[in-house]
Structure formats: structure tokens, C-alpha cells
Amino acid sequence: MIYAYAALTITNPESLAAYREKAGAALALYGGSVVSASKDLTALDGAPSLPDMAAILSFPDRESALGWINDPELADVHALRRGAGGSDAILLG
């Protein structure tokens, strides 16, 4: 199992809502799922710039995570997430 951290700064809630409708199915194509997602974020140490929302995603392996983000068939889904505002995703591992 491998994990990814996604951070969103939301400027377009409509695009985020449209993304949420499709995100689960897109993740499932690669064995991925949302482990946890929240808008209630607390900095534990230091002074990081907190996003409006963050999520931890899981995938069976690195290849699955890379397949999900690079799949041309999912480009429109990823565009909805990116269109919601700032969108960063970091693979852990």
C-alpha cells in the first residue's frame, strides 16, 4: 500500500462539487480510495500554509498511483479538481 497527500485551496466550489461526483470512481479504476479528507486542519508543528482541505489517498502500489494521475481518460476529472483552485498532490513513497 502506498499513500498520497492532496491539498486543495478552494476558489471554485462548483468545480470541486463536480469533481467529488467523479473522483471515487476514478480512484477505484486504479484500486485507490480516500483514507481521510477534512476541512478541519491543524498545524502540529512549524508554520505551514494550511490548505482549505486535505486528503490522504491510498493506492495498491506506486504504479497504480501514477496510472491514476497520468491516465488520459481521467484528464477531465483531474481538470475539475485543478479548476476548483490550488491543487497539490504528493506521493509518499
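Every read-out reported here was derived from the displayed coordinates using simple, explicitly stated rules and does not represent laboratory data. What you see is a predicted model, and the numbers here were worked out from it, not measured in a lab. So basically every Cβ, Gly included, is an ideal-geometry build from the backbone, and we count neighbours across all protein chains shown.
Please report, in debye to the nearest 20, how large the charge dipole of the chain is about its Cα centre when each Lys and Arg carries +1 at its beta carbon and each Asp and Glu carries -1 there.
Working: 6 positive and 11 negative charges, 16 e Å.
Value, rounded to 20: 80 debye.
Springs between Cα atoms under 10 Å define the GNM used for the chain, and in it the highest mean-square fluctuation of Asp71, Asp52, Asp40 occurs at Asp40. When the chain is treated as a Gaussian network with alpha carbon springs shorter than 10 Å, the biggest mean-square fluctuation among Ser38, Ser15, Ser49 belongs to Ser49. Arranged from fewest to most other beta-carbon atoms within 10 Å of their beta carbon, Thr42, Thr11 become Thr42, Thr11. Amide H to amide H, with H built 1.01 Å from N, Asp61 comes under 5 Å of Ile2, counting only residues 5 or more places away or on other chains. Only helices enter the 222 nm calculation for the chain: every DSSP H run of n ≥ 4 contributes -39,500 (n - 2.57), and dividing by all residues gives -11000 deg cm²/dmol, rounded to 500.
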